[in-house]
Ligand SMILES: NC(=O)c1ccc[n+]([C@@H]2O[C@H](COP(=O)([O-])OP(=O)(O)OC[C@H]3O[C@@H](n4cnc5c(N)ncnc54)[C@H](O)[C@@H]3O)[C@@H](O)[C@H]2O)c1
């Protein structure tokens, strides 16, 4: 249909394009690998399986257009080898979690900053066309104004946020001095299939779903009145692919990637209990250090410069996510 908005599944990349997805055995990375293969392109996944899953890495191994490298982005030679012949880098490898970063600042610096810098340098040396990387809404720190808008950032509240901010600054230098087209994607609380519900640092949506399905009582940190711009994985895939096709003029920038909505944790909780048909009251725990109270994104910059146009509202995404967890969490 003429004039109709083209979904990411219709995007065209030059034949035989090769994408490198770092962190491709993780939640977001494995979804990116799947989407790229569905477009008919080639994918190389680089992951050290530190928080990712072997089953994600192996999921596409029957596809001749898929290749897995077990390796660490902290090692520059590994990055260089992984970038050989690559057209587009989607750098997702990093450790998440604000509280864990407060416990392990040295590791976060090495993994999330030096690792990304290694990838930037390897991409430059290898003549990569576009370098798209995962940043985070945490870079807004204590900035109180909503919606969060690029260019209006506050004081950083955690080592994790600092690592993402440093990555953005390094990427800018690579665009400025070496003409590497870099695009930072500030993800806002992503959720969806394959996001891990396990461990002390798990994201809240898969954790609650698993606990409720297992008859356990979830703990809400704080009063549950915190709000977030929860973003379905499909929107994040779209953003990454559109960034690969973005103009040189838009390079060296960071973009909010969200739906532009605002969901309160307590409402999500009761929405989940209703959808799962369980009647469990939550327990309220202390606030978490380094957390912000509210987060909601202005996505106009990504719309304008990347052509980003998220199609998945929270309501639509959560329905699909619940169905996926019901089938896959056993
Ligand atoms: N999930 C979210 O809501 C969210 C929000 C903001 C930003 N992000 C960022 O998006 C990216 C992906 O997050 P995710 O939720 O998919 O996390 P994830 O833990 O599921 O995936 C991260 C992957 O990176 C791999 N990895 C970590 N360090 C590595 C290293 N040194 N070398 C090679 N591989 C390494 C892990 O094994 C894992 O497979 C991260 O950069 C994260 O900081 C995520």
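Restricting attention to region 27-63, the residues that are on the phi > 0 side of the Ramachandran plot and in contact with a helix residue (DSSP H, G or I) (Cβ under 8 Å, 6 or more places away or on another chain) total 1.
If you filter region 165-196 down to residues that are in a loop (DSSP other than H, G, I, E, B) and near the ligand (Cβ under 10 Å from one of its atoms), you find that the one that is nearest to residue 154 (Cα to Cα) is 188.
Of the residues that make up region 77-87, is at least one more than 23 Å from residue 32 (Cβ to Cβ) and in contact (Cβ under 8 Å) with a residue 40 or more places away in the chain? Show your work before the answer.
If we filter region 77-87 for residues that are more than 23 Å from residue 32 (Cβ to Cβ), which is where we start, we get 77.
Cutting the leftovers down to in contact (Cβ under 8 Å) with a residue 40 or more places away in the chain gives us none.
No, the conditions are met nowhere in region 77-87.
Condition first: within 21 Å of residue 299 (Cβ to Cβ), free of Cβ contacts under 8 Å to residues at least 60 places away in the same chain, outside any helix (DSSP H, G or I) and away from the ligand (no atom under 14 Å from the Cβ). Can you find one or more residues in region 122-143 that meet it? Yes, region 122-143 has at least one match.
One residue is enough: does region 149-156 have a residue meeting the conditions over 14 Å from residue 117 (Cα atoms) and touching a residue at least 24 places away in the same chain (Cβ under 8 Å)? Yes, because at least one residue in region 149-156 is over 14 Å from residue 117 (Cα atoms) and touching a residue at least 24 places away in the same chain (Cβ under 8 Å).
Given the criteria without any contact (Cβ under 8 Å) to a residue 60 or more places away in the chain, closer than 21 Å to residue 26 by Cα and either within 12 Å of the ligand (Cβ to nearest atom) or more than 14 Å from the chain's Cα centre (by Cα) (or both), does residue 199 qualify? Break it down into steps so the answer makes sense when it comes.
Details: without any contact (Cβ under 8 Å) to a residue 60 or more places away in the chain: yes; closer than 21 Å to residue 26 by Cα: yes; either within 12 Å of the ligand (Cβ to nearest atom) or more than 14 Å from the chain's Cα centre (by Cα) (or both): yes.
Yes.
Among the residues of region 211-255, those identified as assigned to a loop (DSSP other than H, G, I, E, B) and either within 14 Å of the ligand (Cβ to nearest atom) or within 25 Å of residue 296 (Cβ to Cβ) (or both) are 218, 222, 223, 224, 225, 226, 229, 230, 246. Cβ separations smaller than 8 Å between residues 6+ apart or across chains give the following pairs from region 47-60 residues that are in contact (Cβ under 8 Å) with a residue 60 or more places away in the chain and over 16 Å from residue 201 (Cβ atoms) to residues that are assigned to a loop (DSSP other than H, G, I, E, B) and near the ligand (Cβ under 10 Å from one of its atoms): 56/24; 56/25; 56/26; 56/194.
Quick grid of which residues meet (1) more than 10 Å from the ligand (Cβ to nearest atom); (2) touching a strand residue (DSSP E or B) at 6+ places or on another chain (Cβ under 8 Å); (3) within 24 Å of residue 190 (Cβ to Cβ):
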{"residue": "61", "(1), (2), (3)": "yes, yes, no"}
{"residue": "70", "(1), (2), (3)": "no, yes, no"}
{"residue": "73", "(1), (2), (3)": "no, yes, yes"}
{"residue": "77", "(1), (2), (3)": "yes, no, no"}
{"residue": "84", "(1), (2), (3)": "yes, no, no"}
{"residue": "92", "(1), (2), (3)": "no, yes, yes"}
{"residue": "95", "(1), (2), (3)": "no, no, yes"}
{"residue": "103", "(1), (2), (3)": "yes, no, yes"}
{"residue": "107", "(1), (2), (3)": "no, no, yes"}
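The single condition among (1) closer than 25 Å to residue 194 by Cβ; (2) at pLDDT 95 or above; (3) surrounded by fewer than 16 Cβ atoms within 10 Å (Cβ to Cβ) that residue 284 does not meet is (1).
As a summary of the residue check, residue 137 satisfies the conditions (1) surrounded by 17 or more Cβ atoms within 10 Å (Cβ to Cβ); (2) touching a helix residue (DSSP H, G or I) at 6+ places or on another chain (Cβ under 8 Å) except for the one numbered (2).
Does residue 24 meet the test of being within 21 Å of residue 128 (Cα to Cα), within 9 Å of the ligand (Cβ to nearest atom) and touching a helix residue (DSSP H, G or I) at 6+ places or on another chain (Cβ under 6 Å)?
Working: within 21 Å of residue 128 (Cα to Cα): yes; within 9 Å of the ligand (Cβ to nearest atom): yes; touching a helix residue (DSSP H, G or I) at 6+ places or on another chain (Cβ under 6 Å): yes.
The answer is yes for residue 24.
The values are calculated or read from the model by the stated rules, or taken from the named source; none is laboratory data. Remember, predicted model here, so these are calculated numbers, not experimental data. Glycine gets a Cβ as well: all are built from the backbone with ideal geometry, and neighbour counts include every protein chain shown.
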